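Have a look at the structure below, then the notes.
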Amino acid sequence: MHVPLGYHKKVVGILVGALIALVIVLAIVILQANWFIANSPITNPYLQSKEAVVIASESGGEEIILPIEKVLFEYIEVVDSCDAYFVGTCLNVRSGPGEDYEKIARLRIGAVLKVGGQVERDGRVWYKIVFDEWIRYPERIEDDWYVAADYVIALLDEGVQNLTARSDKTNKKIIVSRLEQKLYAYDGDELFIEESISTGLELTPTPRGIFTVFKKTPSRYMQGPIPGISEKYYDLPGVPWNLYFTSQGAVIHGTYWHQNFGKPSSNGCVNLIPSKAKELYAWADVGTKVIVQD
């Protein structure tokens, strides 16, 4: 029986089309499989770091994946730890959620840190700390940071949130006296707070002049040296209750690493005891006038 040439071409076309379709289906399956493998908390370092914690089982070999759960607040304050000079028992930062993880830092009382979630392990809650701000020396943070919830409080009040909306109607002003080493805060003519402070040292003075608070942040990671300003090395996570008043970096903030209030001690900022800085932070509006004088 004679089969027309066109019939052969049609059959070949169908077979070729089917083969192409099969190749496409296989490619899609392979791509999807690769995506799921790449985005598994075990194989994807980003997800492992940000969304889950992988813990080796005590029996060996097996791994336990603990999810990092969201929290209803952004910041925590250290309330049970050592003092400014590390006297007392310090809150240890761990590289994972448990005391079996490595100690990587010590936190002093008064520090405020941003939280990226929590992990519950063996009946204990651990907060994961995040540093999503600009950091001068990010290489100093080599591991994930976890702290036990037992030694901190969650900051639920809306006043701890970052604020940048300016209030032009405020009658509030803050006077910083470099001579007296005092800070005075007024609402109109009414004195809100008078407190001893530490302003800048001789080589890094707090700038004189009239400024305004242009930004507020509950927490800031301060590091030195600062090129062109100070060659001093320091590493201070969780500097609390920041009121920014110059674009060059002058800030009124809480200070947990010294108790030299009443005499110059800073690299140009205005240092306050953390509890008083917290009061001032909650009171001050963005747009509050800051007068720095001798």
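Here are the criteria: (1) free of Cβ contacts under 8 Å to residues at least 24 places away in the same chain; (2) crowded, with 20+ Cβ neighbours inside 10 Å; (3) in contact with a Lys or Arg (Cβ under 8 Å, 6 or more places away or on another chain). Tell me which single one Ser198 does not satisfy.
Exception for Ser198: condition (1).
Hey, among Gly110, Gly98, which residue is in contact with a helix residue (DSSP H, G or I) (Cβ under 6 Å, 6 or more places away or on another chain) and outside the structural domain of Glu279 (by TED's automatic domain parsing)? Full working, then the answer.
Values: Gly98 fails: in contact with a helix residue (DSSP H, G or I) (Cβ under 6 Å, 6 or more places away or on another chain).
Going through Gly110, Gly98 in turn, just one is in contact with a helix residue (DSSP H, G or I) (Cβ under 6 Å, 6 or more places away or on another chain) and outside the structural domain of Glu279 (by TED's automatic domain parsing): Gly110.
Taking only the stretch 208-227 into account, find how many residues are surrounded by fewer than 14 Cβ atoms within 10 Å (Cβ to Cβ) and not β-branched (Val, Ile, Thr).
Step one: filter the stretch 208-227 for residues surrounded by fewer than 14 Cβ atoms within 10 Å (Cβ to Cβ), giving 208-210, 227.
Among the residues that remain, those that are also not β-branched (Val, Ile, Thr) are: 208-209, 227.
The qualifying residues number 3.
Out of all the residues in the stretch 237-254, is one or more out of contact with any Leu (no Cβ under 9 Å at 6 or more places or on another chain), in contact (Cβ under 8 Å) with a residue 60 or more places away in the chain and more than 24 Å from Glu77 (Cβ to Cβ)?
No, because not a single residue in the stretch 237-254 is out of contact with any Leu (no Cβ under 9 Å at 6 or more places or on another chain), in contact (Cβ under 8 Å) with a residue 60 or more places away in the chain and more than 24 Å from Glu77 (Cβ to Cβ).
Report, by residue number, each residue of the stretch 176-235 that is of a type in the set (Ser, Thr, Tyr), at pLDDT 95 or above and over 26 Å from Glu77 (Cβ atoms).
Passing the criteria: Ser177, Tyr186, Thr212.
Just checking, how many residues over the stretch 257-274 are touching a Leu at 6+ places or on another chain (Cβ under 9 Å), buried (at least 24 other Cβ atoms within 10 Å of the Cβ) and of a type outside the set (Val, Ile, Thr)? Please lay out each step first, then the result.
If we filter the stretch 257-274 for residues that are touching a Leu at 6+ places or on another chain (Cβ under 9 Å), which is where we start, we get 257, 261, 264-268, 270, 272.
If we keep only those that are buried (at least 24 other Cβ atoms within 10 Å of the Cβ) as well, we get 270, 272.
Filter again for of a type outside the set (Val, Ile, Thr), leaving 272.
The qualifying residues number 1.
Go over the candidates Phe245, Phe261 one by one and state the one that is within 20 Å of Glu202 (Cβ to Cβ) and at pLDDT 95 or above. Can you show your working first?
Numbers: Phe245 fails: within 20 Å of Glu202 (Cβ to Cβ).
Of the residues listed, the single one that is within 20 Å of Glu202 (Cβ to Cβ) and at pLDDT 95 or above is Phe261.
Every residue, every condition in (1) exposed (fewer than 13 other Cβ atoms within 10 Å of the Cβ); (2) under 23 Å from Gly88 (Cα atoms); (3) polar (S, T, N, Q), yes or no:
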| position | (1), (2), (3) |
| --- | --- |
| Asp100 | yes, yes, no |
| Lys103 | yes, yes, no |
| Leu107 | no, yes, no |
| Gly110 | no, yes, no |
| Gln118 | no, no, yes |
| Phe131 | no, no, no |
| Ile135 | no, no, no |
| Glu142 | yes, no, no |
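May I ask you to list the residues in the stretch 264-294 that are assigned to a loop (DSSP other than H, G, I, E, B) and farther than 17 Å from Glu194 by Cβ? Break it down stepwise before answering.
The first filter runs over the stretch 264-294 and keeps only residues assigned to a loop (DSSP other than H, G, I, E, B), leaving 264-265, 267-269, 273, 284-288, 294.
Selection gives Pro264, Ser265, Asn267, Gly268, Cys269, Asp285, Val286, Gly287, Asp294.
If you check Val125 against the conditions, is it β-branched (Val, Ile, Thr), closer than 21 Å to Ile64 by Cα and assigned to a strand (DSSP E or B)?
Values: β-branched (Val, Ile, Thr): yes; closer than 21 Å to Ile64 by Cα: yes; assigned to a strand (DSSP E or B): yes.
The answer is yes for Val125.
Tell me, please, whether a residue that is surrounded by 18 or more Cβ atoms within 10 Å (Cβ to Cβ), of a type in the set (Gly, Ala, Ser) and free of Cβ contacts under 8 Å to residues at least 40 places away in the same chain can be found in the stretch 276-284.
Yes, the conditions are met somewhere in the stretch 276-284.
Can you go through Val130, Val79, Val119 and tell me which one is hydrophobic (A, V, I, L, M, F, W, C), at pLDDT 95 or above and touching a Gly at 6+ places or on another chain (Cβ under 7 Å)?
Working: Val79 fails: touching a Gly at 6+ places or on another chain (Cβ under 7 Å); Val119 fails: touching a Gly at 6+ places or on another chain (Cβ under 7 Å).
Of the residues listed, the single one that is hydrophobic (A, V, I, L, M, F, W, C), at pLDDT 95 or above and touching a Gly at 6+ places or on another chain (Cβ under 7 Å) is Val130.
For the stretch 60-76, which positions are surrounded by 11 or more Cβ atoms within 10 Å (Cβ to Cβ) and either modelled with pLDDT of 95 or more or in a loop (DSSP other than H, G, I, E, B) (or both)?
Narrowing the stretch 60-76 to residues surrounded by 11 or more Cβ atoms within 10 Å (Cβ to Cβ): 64-69, 71, 73-76.
Selection gives Ile68, Val71, Phe73, Glu74, Tyr75, Ile76.
For Val239, indicate whether it is part of a strand (DSSP E or B) and within 18 Å of Tyr184 (Cβ to Cβ). Full working, then the answer.
Details: part of a strand (DSSP E or B): yes; within 18 Å of Tyr184 (Cβ to Cβ): no.
Judged against the criteria, Val239 is not a match.
The values are calculated or read from the model by the stated rules, or taken from the named source; none is laboratory data. The structure presented is a predicted model; accordingly, all values stated were derived computationally and were not measured. Positions of Cβ are backbone-derived with ideal geometry, glycine not excepted, and every protein chain shown enters the neighbour counts.
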